[in-house]
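Notes follow the structure.
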Amino acid sequence: MKALIKDVKFNKEYESKFGTLYSLKVWYDDKMGFYSSKKKDQNKFIKGKEAEFTEETRQTSQGEMLIIKPVTQNRNSNFGRALKREQSKYSGFALAYAKDLVVAGKIEAKQMFPTADKMFTWMFEKDKSIEA
């Protein structure tokens, strides 16, 4: 959802499994939500500016609490980074395999790079088919 931020006030500092977090009270529309930030001077919710975020209701010992989180885009998960790192190795593997074919006498030296290109493309396409 999008809303105009009416006010933002620091609430408290606390420790979590992610390190020190800062709790902020954020007022928008006719609601007040809590936002946890890694920085005390956060830049996601600024008074007088519009922000896009999601709302989540949590049960606490004091009752229900509205938690807001900014919408984030284009974040790479660890899986995505690991996949890209793995795929970057394909060029090295493909060239090594093509060189092995030259040494074994299966292809000529001038065919090494086009063969490595074909192997690289095949490995990359296979990986994409597994993802889907």
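General remarks:
- A search for C-beta distances below 6 Å between a residue of region 1-12 that is touching a residue at least 40 places away in the same chain (Cβ under 8 Å) and surrounded by 14 or more Cβ atoms within 10 Å (Cβ to Cβ) and any residue that is in a strand (DSSP E or B) and among the aliphatic types (A, V, I, L, M), counting only pairs 6+ apart in sequence or on different chains, returns ILE5/ALA51.
- Yes/no for LYS47 being within 30 Å of THR115 (Cα to Cα) and either in a loop (DSSP other than H, G, I, E, B) or without any contact (Cβ under 8 Å) to a residue 40 or more places away in the chain (or both): no
- Of all residues in region 95-132, those being of a type in the set (Val, Ile, Thr), surrounded by 12 or more Cβ atoms within 10 Å (Cβ to Cβ), over 31 Å from the mean Cα position of the chain (by Cα) and part of a helix (DSSP H, G or I) number 2.
No value in this document is a laboratory result; all are computed from the given coordinates. Please read all numbers here as calculations on a predicted model, not as lab measurements. Note: ideal-geometry Cβ built from the backbone for every residue, glycine included; neighbour counts use all protein chains shown.
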